[in-house]
Amino acid sequence: MKAILWTARLLLALAILALIGCSSLKPGECKRDSHCEAKGKEMQVCYKEPPGAELGRCMSVREAKELHARYEKKLSGKCEDADGDGAKAGDACDGDPSLLDCNDKDPKVKPGATELCDAIDNNCDPLRLINEGLKGCVGTVLGGKEDPVVQFMVTMPAGVEAGPGGTVFGADQHQIYRLDAAGKAERFAGSEKPGAEDKKGKFARFDEPRGIAVGKDGSLFLAECKNNCVRRVSPEGEASAYAGLCSSEADNTADKDGAAGEARFWCPFDLAFDTDGSLLVLDKGNAKLKRVGADRKVVTVAGMGGKQSDDGYVEHGFANGPALKAQFNEPAGLAVGPDGAVYIADNVNNCIRLLKGGQVSTFAGVCEPGTSKGGYADGPADKAKFKQPHSVELGPDGALWVADAGNHCIRRVKDGKVSTAVGKCGQPGYYDGPAGEALFNQPVTVSMGKDGALWIVDLGNYRIRRFIP
């Protein structure tokens, strides 16, 4: 009995000593792993730097491994000013990371340097933006698969839309990014996984959303090509079906007007709000323009659709005239003017069409059906040539900006004339810099913010870029 009592007293004393030893620790501090409590299912460990330090910090195993790897790198690294510009760089540098040189091989690059209109981030800003805010200059804001990767790696950028307050939304494969007025990006909804799940934030599932429109309440409306429907995402990131049956199954692909749940689309590609507040949807696969009214009823307003050939393919063509008898060929982008006129990038007809007063006409370009047709020529609108124009956007001065994907440049239609606005037409590549020197590779979407900045989805370069006219 005495032995049992003695053992109990010893254990109690040890427990008291342990409590006394831990009482001086601040929240998050530790001396050993047992001082760290698990957070949910994630185990916490006591990380010390250097390893022999008395006190450490509680963190996840992953964080501890990352910090230790950085510590090992620091021990064997350097901190030097190789290019002699007064700013140091290297793994062994201590202090504020924002004061470190982001490119110690070029003396034009260092923290706080003057940003120049060129292909590098001169001022080493924390977001790694290139040419931010420089007039007449193209800069990268998001993406890239090789250096420089700006903020996030982008795999298949498709849509971009400048919203109110300087906020910009971008669609990348199955997810939506949100950029604030400073250009900082975050994942807003969706993930790398495709699907059609109406959930919130990263748990929502999309399948290649393309065009984006922003409602008056801040909600996003997405033309979701692979899911063959229009989705809505609330300002809080909650996704829901808005019109059509959201499904990637071929049997659910169709062309049908009617109530929101009964209507059917085939790869809706772009959308925009009409002057009456209804939502216009460019149904690319059906080669039609449809309207979703306030009652969410879907009605075709232009395009007679395609004809099924003997071998089962649907063929589209070209025809001007009354709206419902007009023909489009894989229309890809639209913009609505203040007078209600609708401008359509008729992709495979290689021209820009206009719907006004119930009639469809050619607005700019020589319409030539076929992916091997089209070309490049500036000049009078009726003689100019485009090659697979993919997106259109109206500027505040009435000029129409065109993402001329097949020519790898941005064109502008103003006062009946077409001109090259940004890039070198016919020369694909990647280069940030002055408008006439910048290079693109299949620019597919353009959107202009209220500040006049033109946002460009550069599909072939895996980037979202910005041009300040």
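Counting only protein heavy atoms and a 1.4 Å probe, the chain has 48 square angstrom of accessible area per residue. Across segment 135-175, the residues whose backbone nitrogen lies under 18 Å from the label position 7 Å along the beta-carbon direction of Lys184 are 141-143, 150-153, 165-170. Taking the longest Cα principal axis of the chain as reference, the axis of helix 2-23 is set at about 50 degrees. For Phe467, the solvent-accessible surface computed with a 1.4 Å probe is close to 10 Å², ligands and nucleic acids excluded.
For the set Val298, Val366, the ranking by accessible area, highest first and with no ligand, DNA or RNA atoms included, is Val366, Val298 under a 1.4 Å probe. If you take the Cα centroid of segment 445-469 and the Cα centroid of segment 125-204, the two points sit 11 Å apart.
Take every pair of alpha-carbon atoms less than 8 Å apart whose residues are at least six positions apart; their mean separation over the length of segment 17-124 yields a relative contact order of 13 percent. In whole angstrom, note down how far apart the Cα centers of segment 382-424 and segment 45-99 are. So the separation of the two Cα centres works out to 50 Å. Across segment 85-93, coupling constants 3J(HN,Hα) worked out from phi with the 6.51/-1.76/1.60 Karplus curve, θ = phi - 60°, read 8, x, 10, 8, 8, x, 5, 8, 6 Hz, and Gly and Pro carry x.
Hey, with R₀ at 60 Å, roughly what FRET efficiency would Gln359 and Lys39 work out to, going by the Cβ-Cβ distance, to 0.05? Please list the in-between numbers first.
Working: r = 64 Å, r/R0 = 1.06.
So, using R0 = 60 Å, E works out to roughly 0.40.
Summary value for segment 397-465: 24 percent relative contact order, contacts being C-alpha pairs under 8 angstrom separated by 6+ residues. Let me make sure I get this right: for the chain, a, b and c are the square roots of the gyration tensor eigenvalues over alpha carbons, sorted descending. Under 1.5 in a/c it's rounded, otherwise prolate if a/b > b/c, else oblate. Which is it? Oblate is the answer for the chain, as a/c is 1.5 or above yet b/c matches or exceeds a/b.
Compute the Cα gyration tensor for segment 254-320, then decide on rounded, prolate or oblate, letting a ≥ b ≥ c be the square roots of its eigenvalues: rounded whenever a/c is under 1.5, prolate when a/b is larger than b/c in the other cases, and oblate in all that remain. Spell out each step's value before the answer.
Working: a/c = 2.64, a/b = 1.74, b/c = 1.52.
Prolate is the answer for segment 254-320, as a/c is 1.5 or above and a/b outweighs b/c.
Phi angles of segment 159-175 translate, via the Karplus equation with coefficients 6.51, -1.76, 1.60 and θ = phi - 60°, into HN-Hα couplings of x, 8, 8, 7, x, x, x, x, 6, 10, 10, x, 9, 10, 6, 10, 9 Hz per residue; Gly and Pro are given as x. Estimated purely from DSSP H runs of n ≥ 4, each contributing -39500 (n - 2.57), the mean residue ellipticity at 222 nm for the chain is -3000 deg cm²/dmol once divided by its residues. Distance between the 7 Å Cα→Cβ label points at Leu67 and Lys256: 5.8 nm. Residues in segment 181-186 carry Karplus couplings, in order, of 4, 7, x, 6, 9, 8 Hz; the curve used is 6.51 cos²θ - 1.76 cosθ + 1.60 with θ = phi - 60°, and Gly or Pro positions show x. Its convex hull of Cα atoms gives segment 208-313 a direction-averaged projected area, equal to a quarter of the hull surface, of 6.6 nm².
To the nearest 10, the accessible area of Trp401 is 20 Å² with a 1.4 Å probe.
Do any of Lys385/Lys424; Lys200/Lys288; Lys193/Lys216 go past 23 Å between their Cα atoms, and which?
As for pairs spanning more than 23 Å Cα to Cα, those are Lys200/Lys288; Lys193/Lys216.
Accessible-area rank, largest first, for Arg353, Arg296, Arg264: Arg296, Arg264, Arg353, with all protein chains present and a 1.4 angstrom probe.
Quick check: the angle from helix 61-76's long axis to the longest principal axis of the chain, C-alpha only, nearest 10 degrees? With both axes taken from Cα atoms, the answer is about 80 degrees.
Normalised by the number of residues in the chain, the mean separation of alpha-carbon contacts (under 8 Å, six or more apart) gives a relative contact order of 9 percent. For Glu29, the solvent-accessible surface with a 1.4 Å probe is about 50 Å², rounded to the nearest 10. Taking the protein heavy atoms of the chain in the context of the full set of protein chains, the accessible area attributed to carbon and sulfur is 53 percent at 1.4 Å. Spatially, segment 210-262 and segment 279-310 are offset by 14 Å when compared through their Cα centroids.
Classify segment 45-180 as rounded, prolate or oblate, taking a ≥ b ≥ c as the square roots of the eigenvalues of its Cα gyration tensor: rounded when a/c is under 1.5, otherwise prolate if a/b is larger than b/c and oblate if not. Working shown, then result.
Working: a/c = 2.66, a/b = 1.37, b/c = 1.94.
Note, shape of segment 45-180 comes out oblate.
The values are calculated or read from the model by the stated rules, or taken from the named source; none is laboratory data. The structure presented is a predicted model; accordingly, all values stated were derived computationally and were not measured. Ideal geometry is used to build each Cβ from the backbone, glycine not excepted, and the neighbour counts take in all protein chains shown. Areas reflect the complete protein model, heavy atoms only, side chains present, ligands, DNA and RNA absent. Shrake-Rupley method; radii C 1.70, N 1.55, O 1.52, S 1.80 Å.
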